[in-house]
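A.B. asks: Okay, here's the structure, questions in a sec.
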Amino acid sequence: MSIKTATLKGVATIEMARPQKKNALTTEMYAAMAVALKAADADAAVRAVLIVGQPGVFTSGNDIDDFMNRPPATLDAPLFDFMRALVGCAKPVVAAVTGAAIGIGTTMLLHCDLVYVSDEARLAMPFASLGLVPEFASSLIMPVLVGHAQAAEKLLLGDPFTAEDAVEMRIANAVLPAGEVARHARRMAERFNSLPPGAVRESKRLMRRASQAAVLEAIDAEAEVFRLRLSSPEATEAFSAFFQKRKPDFSAFG
């Protein structure tokens with residue numbers, strides 16, 4: 001297992017710990033994160049959740065080999081269970097983006113309450129370039145956050161962006177030096193220990209009340225298309241090119 005969990009000083013930490021694979025996420029990792037989120041939400045001793053990666057990498061997104069061999073065939077697959085667990089978490093969720101955040105590494109940040117990003121981080125949502133479509137309600141949230149034109153650059157062209165861009169786009173709260181981001185995020189998570197937990201939970205619920213149903217609907221709508229796209233000729237070409245370390249050729253597709 002490449003997910004580590006621990007609860008200390010009221011903070012439940014979920015650590016993606018697979019640095020040899022740039023924290024690429026497998027089915028088992030999604031399942032473990034979903035379990036950890038639900039357990040933290042149910043634990044009265046937990047006041048906040050902290051999601052972290054490894055030095056230099058938050059997560060490179062899905063493990064493509066695992067993803068192609070065991071695609072999420074149904075809406076109750078571990079990937080979607082993790083998405084719903086994060087969206088439904090009643091307690092504040094803090095993310096420490098310690099490095100590269102690709103694909104779901106970026107889209108999961110849209111559902112965290114506080115996000116702190118390393119000055120070395122690079123973020124990207126290259127779904128279309130892989131023959132896929134946006135996920136985790138990013139097709140809904142990104143245009144709202146940054147407008148259609150900016151969202152198109154990130155979701156259609158897959159343009160990468162910096163930590164400073166993430167703050168400007170209202171995805172993140174602040175940029176910190178690489179060696180400080182995880183400690184700062186933990187300090188912010190621990191601040192919830194001195195706040196009334198019921199008031200915090202109710203405030204978060206009210207902040208998200210207007211969009212919650214739409215977000216869940218978008219996750220399901222994206223998932224239906226995403227699952228179909230996984231077996232499309234375009235995705236097959238994109239993933240084949242990835243494994244063969246070559247540039248994909250989409251010239252035959254109309």
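A.B. asks: Restricting attention to region 79-102, does a residue exist that is outside any loop (DSSP other than H, G, I, E, B), free of Cβ contacts under 8 Å to residues at least 40 places away in the same chain and in contact with a strand residue (DSSP E or B) (Cβ under 8 Å, 6 or more places away or on another chain)?
C.D. replies: There is no residue in region 79-102 that is outside any loop (DSSP other than H, G, I, E, B), free of Cβ contacts under 8 Å to residues at least 40 places away in the same chain and in contact with a strand residue (DSSP E or B) (Cβ under 8 Å, 6 or more places away or on another chain).
A.B. asks: Return the residues of region 90-109 that are hydrophobic (A, V, I, L, M, F, W, C) and surrounded by 21 or more Cβ atoms within 10 Å (Cβ to Cβ); say none if nothing qualifies. Explain how you work it out, then say what you get.
C.D. replies: Quick first cut of region 90-109, residues hydrophobic (A, V, I, L, M, F, W, C) only: 90, 93-97, 100-102, 104, 108-109.
Of everything in region 90-109, those that are hydrophobic (A, V, I, L, M, F, W, C) and surrounded by 21 or more Cβ atoms within 10 Å (Cβ to Cβ) turn out to be Val93, Val94, Ala95, Ala96, Val97, Ala100, Ala101, Ile102, Ile104, Met108, Leu109.
A.B. asks: Looking at the structure I just gave you, is Ala6 among the small types (Gly, Ala, Ser) and assigned to a strand (DSSP E or B)?
C.D. replies: Numbers: among the small types (Gly, Ala, Ser): yes; assigned to a strand (DSSP E or B): yes.
So Ala6 fits the description; yes.
A.B. asks: For region 234-247, which residues satisfy the criterion of being without any contact (Cβ under 8 Å) to a residue 60 or more places away in the chain and at negative phi? Steps first, answer last, please.
C.D. replies: Narrowing region 234-247 to residues without any contact (Cβ under 8 Å) to a residue 60 or more places away in the chain: 240-241, 244-247.
Within region 234-247, Ser240, Ala241, Gln244, Arg246, Lys247 meet the criteria.
A.B. asks: Yes or no: Thr59 under 13 Å from the mean Cα position of the chain (by Cα) and within 22 Å of Ser211 (Cβ to Cβ)? Even if it seems obvious, please write down each step before you answer.
C.D. replies: Values: under 13 Å from the mean Cα position of the chain (by Cα): yes; within 22 Å of Ser211 (Cβ to Cβ): no.
Spelling it out, it is not the case that Thr59 is under 13 Å from the mean Cα position of the chain (by Cα) and within 22 Å of Ser211 (Cβ to Cβ).
A.B. asks: Of all residues in region 3-25 being polar (S, T, N, Q) and touching a strand residue (DSSP E or B) at 6+ places or on another chain (Cβ under 8 Å), which is surrounded by the most Cβ atoms within 10 Å (Cβ to Cβ)? Break it down into steps so the answer makes sense when it comes.
C.D. replies: Residues of region 3-25 that are polar (S, T, N, Q), as a first pass: 5, 7, 13, 20, 23.
From the residues that got through so far, the ones that are touching a strand residue (DSSP E or B) at 6+ places or on another chain (Cβ under 8 Å) too are 5, 7, 13, 23.
On the way: Thr5: 16, Thr7: 15, Thr13: 22, Asn23: 28.
Step by step, filter region 3-25, then rank; the result is Asn23.
A.B. asks: Let me ask something additional. Restricting attention to region 157-171, which residues are under 13 Å from Arg122 (Cα atoms) and out of contact with any Asp or Glu (no Cβ under 9 Å at 6 or more places or on another chain)?
C.D. replies: Those that are under 13 Å from Arg122 (Cα atoms) and out of contact with any Asp or Glu (no Cβ under 9 Å at 6 or more places or on another chain): Gly158, Pro160, Asp165, Ala166, Val167.
A.B. asks: Being among the hydrophobic types (A, V, I, L, M, F, W, C) and touching an Asp or Glu at 6+ places or on another chain (Cβ under 7 Å): is that true of Val93 here?
C.D. replies: Details: among the hydrophobic types (A, V, I, L, M, F, W, C): yes; touching an Asp or Glu at 6+ places or on another chain (Cβ under 7 Å): yes.
Criteria met by Val93.
A.B. asks: Sticking with this one: I need the full set of residues from region 45-86 which are aliphatic (A, V, I, L, M) and under 20 Å from Arg227 (Cα atoms), in order please.
C.D. replies: Ile64, Met68, Ala73, Leu75, Ala77, Leu79, Met83, Ala85
A.B. asks: Follow-up question, since we're still on this one. If we only count helices (runs of 4 or more DSSP H) wholly inside region 137-254, which ones have 2 or more residues that are touching a helix residue (DSSP H, G or I) at 6+ places or on another chain (Cβ under 9 Å), farther than 19 Å from Leu110 by Cα and aromatic (Phe, Trp, Tyr)? Walk me through it before giving the result.
C.D. replies: Values: elements: 138-146, 148-155, 163-168, 181-190, 197-230, 233-244.
Filter on region 137-254 gives 233-244.
Quick note: the coordinates plus some simple rules give every number you see, no bench work behind them. Just so you know, these numbers come straight off a predicted model, no measurement behind them. As a convention, Cβ positions derive from the backbone with ideal geometry for all residues, glycine included, and neighbour counts pool all protein chains shown.
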